[in-house]
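Step one of this worksheet: look at the structure below.
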Amino acid sequence: MSHPFGSYQNEIYLNGLAGILPRFPMVHAELEAKAQAALPPSVWSYVAGGAGDEHTQRANTTAFQRWGLIPRMFVGASQRDLSVDLFGMTLPAPLFMAPVGVLGICAQDGHGDLATARAAAHTGVPMAASTLSADPMEEVAAEFGATPGFFQLYTPTDRELAQSLVHRAERAGFKAIVVTLDTWVTGWRPRDLATSNFPQLRGHCLANYTSDPVFRARLDRAPEEDPQAAALMWTQIFGNPLTWADLPWLRSLTELPLIVKGLCHPDDVRRAKDLGVDGIYCSNHGGRQANGGLPALDALPAVVEAADGLPVLFDSGIRSGADIVKAIALGATAVGVGRPVAYGLALGGADGVVHVLRSLLAEADLIMAVDGYPTLADLTPEALQRVT
């Protein structure tokens, strides 16, 4: 399956002949700056901020600069194939949208999850929809069209509620369950602490809970009548410090592919594989949860080796098409983009997200063309050289 993603630049240049300039920024730094101007300060700090002094967040992005792709000539890469097989699905590209828990309030209309789902439908880039959503998962999934979507689960302490959320995701048509392991407690985030702002405590992005029959049954009054009580209940059941003893139970909840997110140590990868997971997700939550950690990209090669054939999803620090190419070369099966999606959403709703995704894919495609790598299979660790 070949998609000429690089043709996005042709559209832009041809529009220029008619005097039409791009609506949205073409480089990440400008995208970030304009999103900051567009978002309320409290939302901006929550999306853009990270843990501690944000060293790990910065290290995630600079880690890519330590690798360089080696050009190969006389390859004739006039046709590139970026398609990837994942859990029996053929995706047009190895890119997906990583789960972001406040997408809803990043959009000007407060329905950012729906807009992002529409961008997935338009581009063929799957969305990993967060448990923390401004609209119920069923309404989000209804916008996917033919593009597959994944449901990201923050496992609650209430096992009946966890089961309900997973089964709702199955019925809604999601194609995989992504269990996030590193967010049963909130990391130390000075930007949010300085403004005493935590969106969920204020009732934001709790639609999957307030629409759930199990959650509603735990309340004395309907969440519409007493939203503060619903938010308080959420704080009491949100975070489950999962152990290995819980993994067989998680596995039993669904026959959908089960992906475990946050694994960066090869021993954890091997054990998860032995216990029956279908995919490994190498991530440090974009540096939002714990400062002082290893850049996720530096953990990726050992994770891929330990996965021993299982698909490895990756995020944390993806800001460009070049980053996507390098993560694939280091062994990632599919690459997730997080904050840039939220920034595009803040600037232009679904159109802004589509622009971000098409730009990332166009750059990746054109790099593969120029440097002589016609397929993802050609992007091996040997295609990279460490930059000193």
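Looking for something open to solvent by 30 Å² or more (accessible area, probe 1.4 Å), in a helix (DSSP H, G or I) and under 21 Å from ARG319 (Cα atoms) - is there at least one such residue anywhere in region 151-161? Quick ask: steps written out before the conclusion?
First, the residues of region 151-161 that are open to solvent by 30 Å² or more (accessible area, probe 1.4 Å): 157, 159-160.
Checking which are in a helix (DSSP H, G or I) leaves us with 159-160.
Retained after the next criterion (residues that are under 21 Å from ARG319 (Cα atoms)): none.
No, every residue in region 151-161 fails to be open to solvent by 30 Å² or more (accessible area, probe 1.4 Å), in a helix (DSSP H, G or I) and under 21 Å from ARG319 (Cα atoms).
Looking at GLY352, is it modelled with pLDDT of 95 or more and touching a helix residue (DSSP H, G or I) at 6+ places or on another chain (Cβ under 6 Å)? Quick ask: steps written out before the conclusion?
Working: modelled with pLDDT of 95 or more: yes; touching a helix residue (DSSP H, G or I) at 6+ places or on another chain (Cβ under 6 Å): yes.
Taking the combined requirement at face value, the residue satisfies it.
Could you check GLN200 against (1) part of a helix (DSSP H, G or I); (2) open to solvent by less than 10 Å² (accessible area, probe 1.4 Å); (3) of a type outside the set (Ser, Thr, Tyr); (4) modelled with pLDDT of 95 or more and say which number it fails?
(4)
Within region 57-67, can one find any residue that is of a type outside the set (A, V, I, L, M, F, W, C), open to solvent by less than 30 Å² (accessible area, probe 1.4 Å) and over 19 Å from ARG191 (Cβ atoms)? Steps first, please.
Here is the first cut: in region 57-67, the residues of a type outside the set (A, V, I, L, M, F, W, C) are 57-58, 60-62, 65-66.
Checking the rest, the ones that are also open to solvent by less than 30 Å² (accessible area, probe 1.4 Å) come to 57, 60.
Pick out the ones that are also over 19 Å from ARG191 (Cβ atoms) and you get none.
Checking region 57-67: not a single residue is of a type outside the set (A, V, I, L, M, F, W, C), open to solvent by less than 30 Å² (accessible area, probe 1.4 Å) and over 19 Å from ARG191 (Cβ atoms).
Which condition breaks for ARG251 when tested against (1) in contact with a helix residue (DSSP H, G or I) (Cβ under 8 Å, 6 or more places away or on another chain); (2) touching a residue at least 12 places away in the same chain (Cβ under 8 Å)?
Exception for ARG251: condition (1).
Please determine whether any residue of region 249-264 is under 12 Å from ILE177 (Cβ atoms) and among the basic types (Lys, Arg).
Checked region 249-264: at least one residue is under 12 Å from ILE177 (Cβ atoms) and among the basic types (Lys, Arg).
Can you find even one residue in region 174-197 that is at pLDDT 95 or above, hydrophobic (A, V, I, L, M, F, W, C), in a helix (DSSP H, G or I) and touching a Ser or Thr at 6+ places or on another chain (Cβ under 9 Å)?
no
Just to be sure I understand, how many residues within region 108-140 are small (Gly, Ala, Ser), surrounded by fewer than 24 Cβ atoms within 10 Å (Cβ to Cβ) and closer than 18 Å to LEU206 by Cβ?
Taking region 108-140 as the starting set, the residues that turn out to be small (Gly, Ala, Ser) are 110, 112, 115, 117, 119-121, 124, 128-130, 133-134.
Subsequent filtering for residues that are surrounded by fewer than 24 Cβ atoms within 10 Å (Cβ to Cβ) retains 110, 121, 124.
Of the ones still in play, those that are also closer than 18 Å to LEU206 by Cβ are 110.
Total meeting the criteria: 1.
Would you confirm, using the coordinates I've provided, whether ALA217 is farther than 28 Å from GLY49 by Cβ, surrounded by fewer than 22 Cβ atoms within 10 Å (Cβ to Cβ), among the aliphatic types (A, V, I, L, M) and out of contact with any Ser or Thr (no Cβ under 8 Å at 6 or more places or on another chain)?
Working: farther than 28 Å from GLY49 by Cβ: yes; surrounded by fewer than 22 Cβ atoms within 10 Å (Cβ to Cβ): yes; among the aliphatic types (A, V, I, L, M): yes; out of contact with any Ser or Thr (no Cβ under 8 Å at 6 or more places or on another chain): yes.
Spelling it out, ALA217 is indeed farther than 28 Å from GLY49 by Cβ, surrounded by fewer than 22 Cβ atoms within 10 Å (Cβ to Cβ), among the aliphatic types (A, V, I, L, M) and out of contact with any Ser or Thr (no Cβ under 8 Å at 6 or more places or on another chain).
What number of residues in region 33-43 are open to solvent by 20 Å² or more (accessible area, probe 1.4 Å) and at pLDDT 95 or above?
Residues meeting the conditions: 5.
Among the residues in region 9-16, are any assigned to a helix (DSSP H, G or I), open to solvent by 60 Å² or more (accessible area, probe 1.4 Å), over 30 Å from CYS264 (Cα atoms) and in contact (Cβ under 8 Å) with a residue 60 or more places away in the chain?
Let us first name the residues in region 9-16 that are assigned to a helix (DSSP H, G or I), namely 9-16.
With the extra rule that they be open to solvent by 60 Å² or more (accessible area, probe 1.4 Å), the set shrinks to 9-11, 13-15.
Then keep just the ones that are over 30 Å from CYS264 (Cα atoms); that gives 9-11, 13-15.
From what's left, in contact (Cβ under 8 Å) with a residue 60 or more places away in the chain: 9.
Yes, region 9-16 contains a residue that is assigned to a helix (DSSP H, G or I), open to solvent by 60 Å² or more (accessible area, probe 1.4 Å), over 30 Å from CYS264 (Cα atoms) and in contact (Cβ under 8 Å) with a residue 60 or more places away in the chain.
Looking only at region 172-200, count every residue that is farther than 30 Å from ASP53 by Cα and touching an Asp or Glu at 6+ places or on another chain (Cβ under 8 Å) and tell me the total. So that I can check it myself, show each step before the final result.
Step one: of region 172-200, the residues farther than 30 Å from ASP53 by Cα are 172-177.
Going one step further and asking which of them are touching an Asp or Glu at 6+ places or on another chain (Cβ under 8 Å), we end up with 172, 176.
Of the residues in region 172-200, 2 are farther than 30 Å from ASP53 by Cα and touching an Asp or Glu at 6+ places or on another chain (Cβ under 8 Å).
Search region 73-88 for residues being exposed (fewer than 13 other Cβ atoms within 10 Å of the Cβ) and not charged (D, E, K, R), and hand back the single one that is nearest to PRO311 (Cα to Cα). Let's see the steps before the verdict.
Start the filter on region 73-88 by keeping residues that are exposed (fewer than 13 other Cβ atoms within 10 Å of the Cβ), which leaves 73-74, 76, 78-79, 85, 88.
Right, trim to not charged (D, E, K, R) and you get 73-74, 76, 78-79, 88.
Values: MET73: 30, PHE74: 31, GLY76: 29, SER78: 28, GLN79: 25, GLY88: 11 Å.
Checked region 73-88; the qualifying residue nearest to PRO311 (Cα to Cα) is GLY88.
Taking the stated definitions as given, is ALA327 under 16 Å from the mean Cα position of the chain (by Cα), modelled with pLDDT of 95 or more and within 13 Å of SER283 (Cα to Cα)? Break it down into steps so the answer makes sense when it comes.
Details: under 16 Å from the mean Cα position of the chain (by Cα): yes; modelled with pLDDT of 95 or more: yes; within 13 Å of SER283 (Cα to Cα): yes.
So ALA327 passes the test.
Could you list, ordered by first residue, the pairs with Cβ atoms under 7 Å in which the first is in region 365-383 and farther than 13 Å from MET73 by Cα and the second is among the hydroxyl-bearing types (Ser, Thr, Tyr) and buried (at least 18 other Cβ atoms within 10 Å of the Cβ), at least 6 apart or interchain?
LEU379/TYR373
Residues being open to solvent by less than 10 Å² (accessible area, probe 1.4 Å) and under 17 Å from THR62 (Cβ atoms): count how many of those fall in region 322-334.
3
Taking ASP85 and the conditions (1) in contact with a helix residue (DSSP H, G or I) (Cβ under 8 Å, 6 or more places away or on another chain); (2) acidic (Asp, Glu); (3) within 24 Å of ILE259 (Cβ to Cβ), which numbered condition does it fall short on, given that it satisfies the others?
That leaves (1) as the condition not met.
Could you please give the count of residues in region 339-360 that are under 17 Å from GLY101 (Cα atoms), open to solvent by less than 20 Å² (accessible area, probe 1.4 Å) and touching a Ser or Thr at 6+ places or on another chain (Cβ under 8 Å)?
3
The values are calculated or read from the model by the stated rules, or taken from the named source; none is laboratory data. Remember, predicted model here, so these are calculated numbers, not experimental data. We place every Cβ from the backbone using ideal geometry, glycine too, and count neighbours over all the protein chains shown. Just the protein is used for accessible areas: all its heavy atoms, side chains included, with ligands, DNA and RNA removed. Shrake-Rupley method; radii C 1.70, N 1.55, O 1.52, S 1.80 Å.
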